[in-house]
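Encoded as structure tokens, the structure appears first; notes follow it.
The values are calculated or read from the model by the stated rules, or taken from the named source; none is laboratory data. If you're wondering where the values come from, they're calculated on a predicted model, not measured in any experiment. Every residue, glycine among them, receives a Cβ derived from its backbone with ideal geometry; neighbour counts consider all protein chains shown.
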């Protein structure tokens, strides 16, 4: 079965960001650096940059990221948000609080007109997030 997973480009802070996301969501983080693959970067100072990182969480999230060496064009992520949703309010509030630490809240994690809870923020690495507690659906009569 195919999967769809966010892959975030960073300039040079992929290791710090992915380690932060591991602290938020838990799970296993695998990091490969450019030094592990001969000839991938020309500048010896960039050998320790992250070529690929993958966080796999107990909830089944897969979040990936990488640094961008000087030989490649870099554009900061824009126009896209990573969305986290579910039914466990305490868990989602924990994610929200951790992601908001050092970031900028765009819309507080509160009750929107459609119910549940919803909030938007930009984390300390410039990544936009949406966190949504699913609205309770009334039981069918």
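Restricting 102, 115, 79 to those that are closer than 23 Å to residue 126 by Cβ, part of a loop (DSSP other than H, G, I, E, B), out of contact with any strand residue (DSSP E or B) (no Cβ under 8 Å at 6 or more places or on another chain) and in contact (Cβ under 8 Å) with a residue 12 or more places away in the chain reduces the list to 102.
As a summary of the residue check, residue 85 satisfies the conditions (1) without any contact (Cβ under 8 Å) to a residue 24 or more places away in the chain; (2) in contact with a helix residue (DSSP H, G or I) (Cβ under 8 Å, 6 or more places away or on another chain); (3) not in a loop (DSSP other than H, G, I, E, B) except for the one numbered (1).
Within the stretch 50-73, restricting attention to residues that are buried (at least 21 other Cβ atoms within 10 Å of the Cβ) and closer than 21 Å to residue 94 by Cα, which residue is farthest from the chain's Cα centre (by Cα)? Once the filter is applied, the top-ranked residue is 55. Scanning the stretch 6-39 for residues that are more than 23 Å from residue 94 (Cα to Cα) and part of a loop (DSSP other than H, G, I, E, B), which turns out modelled with the lowest pLDDT? The residue in question is 39. Tell me, please, whether a residue that is touching a helix residue (DSSP H, G or I) at 6+ places or on another chain (Cβ under 6 Å), in contact (Cβ under 8 Å) with a residue 60 or more places away in the chain and not assigned by TED's automatic domain parsing to the domain that holds residue 86 can be found in the stretch 27-41. Checked against the condition, which is being touching a helix residue (DSSP H, G or I) at 6+ places or on another chain (Cβ under 6 Å), in contact (Cβ under 8 Å) with a residue 60 or more places away in the chain and not assigned by TED's automatic domain parsing to the domain that holds residue 86, the stretch 27-41 yields no hits at all.
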